[in-house]
Amino acid sequence: MNIKEMLKLADEIVFTQTDQHLDDLQAAILQGTLQRETYKEIAKNFDCSESRIREVGAELWRILSEELGEEINKSNFRSTIERWQNSNILNFAQDIVVSSSFNTCGSERHPPEIPNFSQFTNQETSNSKPSQTPHQDLSEMPELGAFYNRTSELETLKTWILEQRCHLMTITGISGIGKTTLAVQLVDQIKDEFEYVLWCSLASSPTFAEFQEQLIQFFSESETIDSSRNNRQTLSLIKYLQKYRCLVVLDDVHHLFSSGEFAGKYQPGYEEYRLFFKQVEQLSHQSCLLLIGWEPAVALPKVSSPKTAIFALQLTGLDRTATQAILRDYGLSEIEKYSGLIPHYQGNPLWLKSVALQIQELGESITDLLPDDTILLPEDLKEVLDLQFNRLSPIEKQLLFLLAKESTPVNLAKLLENSPIEGLDLRNGLQSLLRRGLIEKIDNLYMVYPVLRQYITQKQGFSQKPCF
C-alpha cells in the first residue's frame, strides 16, 4: 500500500467523521508521518511552526481514533492503516466505498459515504476507548517541573535520538544536577515519535530477570489489545526493540553498580545487564535505550563517539542566569546579596535549592554575618553528599581527601608525588571520580568543587576528633 493509497483512505475516514476532506496541512502531516519525518521536519517543509503542526496533528489523531475505534498516533499510523488494508473488514469496507448502491437519500454524495469502522472493531475490542495510548507507560516518570535553561542539552539529545538514531544513550552527573528533569522534558517532547514508550526506575535494584519480565509483559499486553496479534508468541526483549520503534528510559541506573568499587562496576549477579546493553548497542534495530544515573557502566563511554551507536552526556552546572532564577523561585529576591555565594555551588539546582531554603528559614540577614568565602552545608545537602561519598572506593576517598587539602588545582605529577597511592591505582581512581562528576579537570589540572571540599574537610575533621 503506497503513500497515495494511504492518504486516500485517511481522507475517506476523515470525511466520514467530519464531512470535510483533508486540508493541505493535514495531508502534509500524514505524508510526513508516512515518510518517518519528525514534527520539526514537517513544520520546516510546510513553512509552519512546530507547535501548530503538533496542534493540528493531535486533532487529526483524535478524529482517526474516534472513527477507527482505537488509539491512533504518529508512531502507529502507518502500521494501523496497513493492518486495516490487510484485514477482511477493510476489504469489505472498500467494496462499500466503491459501490454507489448504498445511497439511501436518493442524491449523490462525493466521495461516497464509507461505513463507520468502529462498528467492526467493537466486535473485537472493548466499547470503551482507553484514556491514553496503551503503548506508553510513564507511571514511574516524575511530573514535569521547572526547567532551567537546558535548551542546548535538550536539542542535542533530540538530535541524537530523532536524527542520528542512536541505540543507547547515557545522561550522567552528580546528584541534583538535573539529569531526570532534563530527561522528563525530553520524553514529553518526543514520545509521539515512538510506537512504545516506557519509563522504568531501577532504584529497587531489580535483577535482570525481573527487569526483563516487566518489559516483556508491557510489550505483550500492549500487543493483545490489538486482536489480530492475540495468537502471537511472546518474544525476547531485544526482539521487541527490533520489531517496534521503542523508547525505553531507565532511571537510577547507578543502583545496578557496587558500592566501595570504582564507578560503574556491576553488582554480583547483575552482569546480564551488561550483555543486554551490548545487544542494544551492536544489533540492528530502530529503538533507543536511555540510561540515567550518577555514573556510567564501566563498558560505556563518558563521551560520545561517532563510530558507535552510543551517545553520552555528562551534565554540568547551570549558568549564572539560571542559578539566579532558582534563588528567586525559592524566595531570595535580592540576588545581588548572594553574588559571592552562588559560585560555590557550581550551578547545581539541588544544592542551590537547599541553601536558599536554609537562608529563607533562618532569615536573609544571616548572609550579612558570613564571610564572603563561607559555604553553607544544610543537613539535607550533607545527606545527599553522604549517599554519593559512601559509594566510593577506598582509593577514591583517599584522593578526595588529598585534593581537598589543595587550595588550587593540581596536576597529575604533584598528586603522584604527594600521594601514597600507587600510580596505576591513582590514575584509575581519578578516572572514576571524573566519571562520577565529583571532581573537575581543567587543562590537565584536577580540583574538587568548593562544596565537596567543605564537606570532605568537615568529614575528615569529625573522623579525627578525639572522644572524651
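The values are calculated or read from the model by the stated rules, or taken from the named source; none is laboratory data. Not measured: the values here are computed from a predicted model. A quick note on method: Cβ atoms are made from the backbone with ideal geometry, for glycine too, and the neighbour counts reach across all protein chains shown. For accessibility, only protein heavy atoms count, side chains too; no ligands or nucleic acids. Shrake-Rupley method; radii C 1.70, N 1.55, O 1.52, S 1.80 Å.
Quick check on packing: order 199-209, 8-18 by the mean number of other C-beta atoms within 10 Å, highest mean leading. Don't skip to the answer; put the middle values down first.
Working: 199-209: 15.8, 8-18: 18.5.
Result, highest mean first: 8-18, 199-209.
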- Ser236 paired with Asp23, simple spin-label distance in nm, labels 7 Å along Cα-to-beta-carbon: 5.0 nm
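Per residue, how large is the accessible surface of region 247-301? Use a 1.4 angstrom probe and give square angstrom. Don't skip to the end; give the middle numbers.
Values: 2010 Å² over 55 residues.
On a per-residue basis, 36 Å².
Can you run the Rg to Rh ratio on region 244-324? Use alpha carbon positions and the Kirkwood inverse-distance Rh. Don't skip to the end; give the middle numbers.
Working: Rg = 14.6 Å, Rh = 14.3 Å.
We get a ratio of 1.02 for region 244-324.
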- Task: Kindly flag which residue pairs out of Lys74/Lys179; Lys239/Lys278; Lys40/Lys239; Lys74/Lys243 have an alpha-carbon separation exceeding 22 Å in this structure.
- Result: Lys74/Lys179; Lys40/Lys239
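What fraction of the DSSP beta bridges in region 143-288 is antiparallel, stated in percent and rounded to the nearest 5? If you can, show how the numbers build up before the last one.
Values: 1 of 8 bridges.
The antiparallel fraction comes to roughly 10 percent.
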- Query: Fully extended, how many nm does the chain gain between Leu424 and Arg328 (0.36 nm per residue separation, minus their Cα-Cα distance)?
  - Reply: 29.9 nm
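So with the 1.4 Å probe, I'd like the accessible area per residue for region 401-456, rounded to whole Å². Walk me through the numbers before you get to the answer.
Numbers: 2780 Å² over 56 residues.
Result: 50 Å² of accessible area for each residue.
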- Query: Ignoring any ligand, DNA or RNA, what whole percent of the accessible area of region 242-360 comes from carbon and sulfur when the probe is 1.4 angstrom?
  - Reply: 52 percent
- Task: Sort 139-152, 61-74 for me by packing, meaning the mean count of neighbouring Cβ atoms within 10 Å per residue, highest on top.
- Result: 61-74, 139-152
- Task: Can you spot the aspartates and glutamates whose alpha carbon is less than 14 Å from Lys337's alpha carbon? Ignore those fewer than 8 places along the same chain.
- Result: Glu364, Asp368, Asp372, Asp373
- Task: Tabulate in residue order the Karplus-calculated ³J(HN,Hα) for region 48-58, using 6.51 cos²θ - 1.76 cosθ + 1.60 with θ = phi - 60°, rounded to whole Hz; enter x for Gly and Pro.
- Result: 9, 6, 5, 4, 5, 4, 4, 5, 5, x, 4
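Looking at region 1-43, I'd like the Rg to Rh ratio, where Rg is from alpha-carbon atoms and Rh is Kirkwood's inverse mean 1/r.
On the way: Rg = 10.6 Å, Rh = 10.7 Å.
Result: Rg/Rh = 0.99.
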